[in-house]
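Asker: One structure coming up, written as structure tokens, with questions to follow.
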Amino acid sequence: MESKREYIYDVIILGAGPAGFSAAVFASRGCMKTALIDTNCFGGQPSNYLEIENYPGYLSSNSFELMEKFERHADKFGADKFPMTEIKRVNLTSEIKEIETSDALFKAKSIIIATGAAPKKLNIPGETEFKCRGVSYCAVCDGAFYKDKVLAVIGGGNSALEEAVYLTKFAKKVYIIHRRNELRADKIVKDRALNNEKIEFILNTVPTEISGSNSVEKIKLKNVNSNDIFELEVQGVFPYIGIEPNVDMFLGQLKLTSQGFIETDINMQTSIEGVFAAGDVRNTPLRQVITAAADGACSACSAVKYIEKSEYIKSAVN
Ligand code: NAP
């Protein structure tokens, strides 16, 4: 059997979104041999957004382009990059951490987890069956397929309302279906949706089933106050009901919050020495590009200090 290629780094960063890129800039600029690994394309969640208008210094920026700039910045300091890398096994508990892929074994003194989060599922009949046939979690990717169609967006947060407004560029009508009578979204985002003539809000209502033949044709809804069930004819359903952390590969090794996010202290230190977490994957009060980038910077500085301290102790003992 052919042996796997072995790579040895000071710092390995898992996840190449804003937190991961920022960590890569700070770790490699801090003279650490650094690698950035992602199971997907680089860019993280912002690559699927439209615009960012709350990243200081950029009055408005195309999110994809902003992530390209983050990546170029990491390149400038020489971080090695491994996109589209399927991870088979992660060992965080040994002193030298290991990440095994199908054809390589990566070893590192410190790991930064910046794997972000993924869209939460509605878990109702028809959601999985009609995925890519009318059910989509990415308005930017799929919105253009819905010219003059009627759509349902589920959720009352910033994502649901922003993406619903975006979808009105293509769709004839967009219903926003929210389980309460108060929206969670920020006022500026709420006002844009409320002032959009193509948007109709259906409040105190949850979806219970998505149906159709070849593609989505209907969504069944339930009013949570009256329990009345009714149906809407729609050709697309966009659930935007929040996110869940990408932590599957670390389960059983790290301490998580009750909601499944990685617990860290203010230095981004996790429950395992030498392992840090940054961005949406950790217990953070705010999930924005700016806070993910700040977490990334902090986690990399903590990793650098951890490595320098461990090496100092080793040299003192020897
Ligand atoms: P979110 O803020 O957690 O909102 C999720 C929405 O979905 C809430 O309105 C929630 O209802 C509803 N919901 C949750 N589970 C549901 C279920 N099973 N069935 C029906 N509805 C359900 O998530 P998000 O909008 O994806 O945003 C995630 C984070 O990114 C937030 O911190 C947000 O501020 C941030 N973000 C910021 C911007 C921006 O600043 N421009 C843009 C996008 C996202 P309840 O309100 O009743 O809980």
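Asker: Identify, from the list Asn227, Asn214, the residue that is surrounded by fewer than 22 Cβ atoms within 10 Å (Cβ to Cβ), more than 12 Å from the ligand (Cβ to nearest atom), touching a residue at least 60 places away in the same chain (Cβ under 8 Å) and part of a loop (DSSP other than H, G, I, E, B).
Answerer: Result: Asn214 is the single residue among Asn227, Asn214 that is surrounded by fewer than 22 Cβ atoms within 10 Å (Cβ to Cβ), more than 12 Å from the ligand (Cβ to nearest atom), touching a residue at least 60 places away in the same chain (Cβ under 8 Å) and part of a loop (DSSP other than H, G, I, E, B).
Asker: Mind counting the residues in segment 152-193 that are free of Cβ contacts under 8 Å to residues at least 12 places away in the same chain and touching a helix residue (DSSP H, G or I) at 6+ places or on another chain (Cβ under 9 Å)?
Answerer: Result for segment 152-193: 0.
Asker: Sort through Asp280, Asp248, Asp265 and tell me the only one that's surrounded by fewer than 16 Cβ atoms within 10 Å (Cβ to Cβ) and under 20 Å from Ala23 (Cβ atoms).
Answerer: One residue alone meets the criteria, Asp265.
Asker: Which one of these does Ala27 not meet: (1) crowded, with 23+ Cβ neighbours inside 10 Å; (2) outside any strand (DSSP E or B); (3) under 17 Å from the mean Cα position of the chain (by Cα)?
Answerer: Unmet condition: (3).
Asker: Could you count how many residues in segment 230-239 are open to solvent by 40 Å² or more (accessible area, probe 1.4 Å) and either at positive phi or in contact (Cβ under 8 Å) with a residue 40 or more places away in the chain (or both)?
Answerer: Summing the residues that are open to solvent by 40 Å² or more (accessible area, probe 1.4 Å) and either at positive phi or in contact (Cβ under 8 Å) with a residue 40 or more places away in the chain (or both) in segment 230-239 gives 2.
Asker: Still on this structure, please answer the following. Suppose we filter Ala19, Ala35 for residues that are out of contact with any Lys or Arg (no Cβ under 7 Å at 6 or more places or on another chain), closer than 23 Å to Val304 by Cα, part of a helix (DSSP H, G or I) and among the aliphatic types (A, V, I, L, M); which single one remains?
Answerer: Ala19
Asker: Among the helices (runs of 4 or more DSSP H) lying completely within segment 96-208, list those that include at least 3 residues that are in the same structural domain as Val224 (by TED's automatic domain parsing), away from the ligand (no atom under 11 Å from the Cβ) and open to solvent by 10 Å² or more (accessible area, probe 1.4 Å).
Answerer: Qualifying helices (runs of 4 or more DSSP H): 139-142, 187-194.
Asker: Across segment 62-76, what is the total count of residues that are within 16 Å of the ligand (Cβ to nearest atom) and farther than 20 Å from Leu286 by Cα?
Answerer: 2
Asker: Test each condition in (1) touching a residue at least 60 places away in the same chain (Cβ under 8 Å); (2) out of contact with any Gly (no Cβ under 9 Å at 6 or more places or on another chain); (3) among the β-branched types (Val, Ile, Thr) for Val281 and report the one that comes out false.
Answerer: (2)
Asker: Follow-up question, since we're still on this one. Please specify each residue of segment 284-318 satisfying the condition of being small (Gly, Ala, Ser) and under 30 Å from Tyr58 (Cα atoms).
Answerer: Ala292, Ala293, Ala294, Gly296, Ala297, Ser299, Ala300, Ser302, Ala303
The values are calculated or read from the model by the stated rules, or taken from the named source; none is laboratory data. Just so we're clear, the structure is a prediction, and the values are computed from it rather than from any experiment. Quick reminder, even Gly has a Cβ in these numbers, built from the backbone with ideal geometry, and neighbours come from all protein chains shown. Side chains included, ligands, DNA and RNA excluded: accessible areas come from the protein's heavy atoms. Shrake-Rupley method; radii C 1.70, N 1.55, O 1.52, S 1.80 Å.
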